[in-house]
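First up is the structure itself, then whatever we jot down about it.
Since every read-out is calculated from the coordinates, none of them should be taken as a lab result. Please read all numbers here as calculations on a predicted model, not as lab measurements. All Cβ positions, glycine included, derive from the backbone under ideal geometry; neighbour counts span all protein chains shown.
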Amino acid sequence: MILITGGTGYIGSHTVVKLLEQSEDVIILDNLSNSKKDVLNNIKTITGRHPEFYQADIRDNSAVDKVFEENTIDCVIHFAGLKAVGESVRKPLKYFNNNVAGAINLLMAMEKYNCRKIIFSSSATVYGIAETMPLDENSPLGVTNPYGRTKLIIEDMLRDLYTSDNRVSIVLLRYFNPLGAHKSGLIGENPKGIPNNLMPYICKVAKGELPYLNVFGNDYDTLDGTGVRDYIHVEDLAAGHVKAYGKIKSNRGLYIYNLGTGTGYSVLQVIDAFEKANNVKINYRIAPRRTGDVAIVYADTQKSESELGFKAEYSIDDMCRDSWNFYRNV
Ligand SMILES: NC(=O)c1ccc[n+]([C@@H]2O[C@H](COP(=O)([O-])OP(=O)(O)OC[C@H]3O[C@@H](n4cnc5c(N)ncnc54)[C@H](O)[C@@H]3O)[C@@H](O)[C@H]2O)c1
């Protein structure tokens, strides 16, 4: 049995679908702070299976213990966390409390109930402001905001845990920029409030919910001056988790993998791909650069390809089409 924390969220729900389709048994634990219970029905519609669900907070000791007491959990995939970089700068303690204290509580429950496998949702943000591209798993680590610090602290805790007890198996997955949605259009990314990420913002502009997109900086040293990022389809990302689970099911160790495509697209290229894939117009304005943003970020995917057998399959056009296919109907 696999416990999926944050399993009603964006990446978690797609991973739950993939695991159910592989006949794995999963339980979701989520406090619904950034997702809705309806997701469970949509997972059922897609897979024909209704995952067991606990509405609970990872910081709630007794609620987390109850999940472990009532089920034999062999592995945890830990998605639950807050992820808005800007908010983390304004409210760092909220992020340390939710993400770091939450992870400690979860890891203590795992120890108590002899659950020794964990796959953790880390992020390319742990590479800080990198000087050379592409980023491989040995690139120097750094922090540019409190959100990123929570990811690095949790990675460090897991490294220390592994040093203390090598019966534990850990996969740190460093995601690049997830886009897209399940092809059914039933699950996808629908953040509450003003979105932080590019694609939900583009979708809101396409739907007329926001007047225009701010493109932060057009004077970077890139092909068209706008920032370049490595975008990966959420379906590919979900498939990466299934591979990671396969890895620690039969091997003991601490593994670190980038999940990206290895190719970068500029903001203007994404806008153009979205307009072409969906036949809609996206109004945008050039705004000043944001502090902390860098020109180009993309992954070196060699290690995940050779060790994990992971290779992203979807194109930027697929990501744009599937994002809109989901968002136009919410
Ligand atoms: N989306 C991205 O761009 C991105 C990139 C890199 C890493 N990540 C990481 O991947 C993970 C999943 O991201 P996502 O995009 O699916 O986000 P999401 O907000 O859609 O999903 C996170 C889920 O966790 C739940 N949650 C949050 N705090 C909780 C708590 N204390 N107890 C129980 N549930 C809680 C939320 O309700 C939500 O359903 C996060 O840890 C995020 O930091 C995301």
For region 33-93, the dipole about the Cα centre with charges only on Cβ (Lys and Arg +1, Asp and Glu -1), to the nearest 20 debye, works out at 420
For Lys303, counting only aspartates and glutamates whose alpha-carbon sits under 15 Å away and dropping same-chain residues fewer than eight positions off, the answer is Asp136, Glu137
Once amide hydrogens are built 1.01 Å from N within the peptide plane, the residues lying 5 or more places from Ala80 or on another chain with amide H under 5 Å from its amide H are Thr5, Gly6
As straight-line cross-link partners of Lys207, the qualifying aspartates and glutamates (C-alpha separation under 17 Å, not fewer than 8 residues apart within one chain) are Glu189, Asp272, Glu275, Asp322
Computed about the Cα centre, the charge dipole of the chain from +1 Lys/Arg and -1 Asp/Glu charges at the Cβ has a magnitude in debye, to the nearest 20, of 640
Among chymotrypsin sites (Phe, Trp or Tyr not before Pro) in region 185-256, those in a DSSP loop whose Cβ has at most 13 other Cβ atoms within 10 Å are Tyr212
Sequence order, region 24-36: Karplus ³J(HN,Hα) from phi using 6.51 cos²θ - 1.76 cosθ + 1.60, θ = phi - 60°, Hz rounded, Gly and Pro as x, gives 7, 9, 10, 10, 9, 10, 8, 8, 6, 5, 9, 7, 10
One finds the C-alpha centres of region 183-230 and region 312-330 to be spaced, in Å, by 12
Ignoring GluC sites (Glu not before Pro) buried by more than 13 other Cβ within 10 Å or outside DSSP loops, the longest site-free run in the chain is 1-130
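Would you calculate a helix-derived [θ] at 222 nm for the chain, using -39,500 (n - 2.57) for each DSSP H run of n ≥ 4 and dividing by the full residue count, to the nearest 500?
Details: 11 runs with 122 residues, N = 330.
-11000 deg cm²/dmol, from helical runs alone.
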Simple spin-label estimate for Lys94/Lys249, 7 Å along Cα→Cβ, in nm, reads 3.9
Heads up, region 209-250 by the C-alpha gyration tensor (a ≥ b ≥ c square roots of eigenvalues; a/c under 1.5 rounded, else a/b over b/c prolate, else oblate) looks oblate
The farthest towards the positive end of the charge dipole of region 84-221, of the residues Val215, Asn177, Asn99, given +1 on Cβ of Lys and Arg and -1 on Cβ of Asp and Glu, is Asn99
Interchain or sequence-distant (5+) residues whose placed amide H lies within less than 5 Å of the amide H of Ile256 are Leu172
The long-range amide H neighbours of Tyr284, using H built 1.01 Å from N in the peptide plane and a cut-off of under 5 Å, are Leu213
Taking a straight Cα-to-Cα line shorter than 21 Å from Lys66, and setting aside same-chain lysines fewer than 8 residues away, one finds Lys37, Lys112, Lys117
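Find how much the distance from Thr163 to Arg290 grows on full extension, using 0.36 nm per residue of separation minus their present alpha carbon separation; answer in nm with one decimal.
Values: separation 127, 0.36 × 127 = 45.72 nm, distance 3.82 nm.
So the chain would gain 41.9 nm between Thr163 and Arg290.
Arranged by the count of other C-beta atoms within 10 angstrom, fewest first, what order do Ser323, Ser250 take?
Details: Ser323 26, Ser250 7.
Ranking Ser323, Ser250 by Cβ neighbours within 10 Å, fewest first, gives Ser250, Ser323.
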At the level of C-alpha centres, the distance separating region 102-133 and region 45-73, in angstrom, is 19
